[in-house]
1. What does the extension gain come out to for residue 125 and residue 70, with contour length at 0.36 nm per residue minus their alpha carbon separation?
2. In degrees between 0 and 90, to the nearest 10, how far off the longest principal axis of the chain does helix 259-268 point, with axes built from Cα atoms?
3. Treat each spin label as a single point 7 Å out from the Cα along the C-beta direction, and report the residue 257 to residue 78 distance in nm.
4. For n ≥ 4 DSSP H runs only, could you compute -39500 (n - 2.57) per run for the chain, divide by its residues and tell me the 222 nm figure to the nearest 500?
5. Taking a Cβ-Cβ separation under 4.7 Å as the criterion for a possible partner, which cysteines of the chain have none?
6. Expressed in nm to one decimal, what extension gain is obtained for the pair residue 274 and residue 207 from 0.36 nm per residue of sequence separation less their Cα-Cα distance?
7. Note down the relative contact order for region 81-182 as a percent, whole number, built from C-alpha pairs under 8 angstrom at least six residues apart.
8. What shape does region 207-309 take by its C-alpha gyration tensor, where a ≥ b ≥ c are the square roots of the eigenvalues and a/c under 1.5 counts as rounded, a/b above b/c as prolate, and the rest as oblate?
Amino acid sequence: MAPPDGRFAPSPTGTLHLGNLRTALIAWLRARSRGGRFLLRVEDLDRGRSRPEHERSQLADLAALGLDWDGGVVRQSDRGAAYAWAIEQLEARGLVYPCWCTRAEIREAAGAPHGDAPEGAYPGTCAHLDEAARRAHEERGRPAALRVRGGAERITVADAALGEITGVVDDFVVRRGDGTHAYNLAVVVDDAWQGIGEVVRGDDLASSAPRQAWLARALGVAPPGYLHVPLVLGPDGRRLAKRDGAVTLADRLALGEDAVGVRSALAASIGLCAPGERPTLAELVVRFDAALLRDARPLRWDPVAGPIA
C-alpha cells in the first residue's frame, strides 16, 4: 500500500488565496488523519514570476492557520540534477524526442483530428523526423523542446473523490526549449523522491493525473494516489482571484476576522464543522473523512459575506 504521506506544493508567484488555503488544509488533514507526514514543496521553476517574498508570505499564512510540515522546505529550483537524470532515463528508453514547433504551428496543426488524442493535443509533427530534417532544424538555431512518446495510451487512475480519471497520453513536453524542466516532469520526480503516497490538489488539475501516472511508470516508480478537491469560486462563479477583493488571509484579518475563524470557515465548507463553530485542528483531524469530498461542490466565496451556501 502507498504510504499516507501528503504534500502541499504552491508556486511562489503571489499570495495564497482562500482556495489555495482550503486545499492546503484538506491536504494536511488527509495526511495527519492517516498518520502520515505532511511535506512542503515550493514549485519555483518559473524563475520570471517566482519571488522570495511570495514564498515567505505563503509559509507564514500556512503557519497562521496552524498547519505544520515535516522536514525542510524543498524547492524545485534546487532539483535540476534530479530532473536531468530523469530525462536521461527517458532518452535511454527512446521515450523522448526533440520538437521545434512553435505555439502557432501547434495550434494550427492541433485543429485537425488525430485519432484518440485529446482536443488540443500535440499532433506529433516532429515525432518521426528523419536525420536530415532534424539537422535542418538544428542549423536554423531554434532551440528544441523535448517531448515524450506517449503513444496515445489510455491511462486510468483512481481518485479518492472523483472515482476513476481516464485520459489519453499525448506527446507532452518534459523540457522546454529554454532548458526549463516542465511541471509534469518535475512533479513526478519530486513526488517519487519525497515518497508522496497521495497527491491532494484542486480538481482543475485532475486531467493531468493520467499523464503523470504514465510518466511515473515510464521512470520505473509507482504513481501516487490522487484526491482532487473542488475549487473555491468567486461570487460570479469563476475561479477565485484577486479581482474578487478580500480573498487572502491578510484581507480577512483586515476585516476583523482571525486565523482560527478563517480556518473554521474553510473546514465548514466541506462539512467538518457547523458555520460559526471553532474546532481545534486536533478535532478536525478526528472528524476528517475523504468521503465528504465525493459530493462536495465548488465553494463560492463573497469578499464581504464569506462563504455562499
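Only the coordinates and a few stated rules stand behind these numbers; no lab work does. In this text the structure is predicted, and so the values were computed from the model without any measurement. Cβ sites come from the backbone with ideal geometry, for glycine too, and all protein chains shown count toward neighbours.
1. Gain in length upon complete extension: 15.3 nm.
2. On a 0 to 90 degree scale, this one is about 70.
3. 3.3
4. Result for the chain, helices only: -10000 deg cm²/dmol.
5. Cys with no partner Cβ under 4.7 Å: 101, 273.
6. Fully extending the segment from residue 274 to residue 207 adds 20.9 nm.
7. 28
8. Verdict is prolate for region 207-309.
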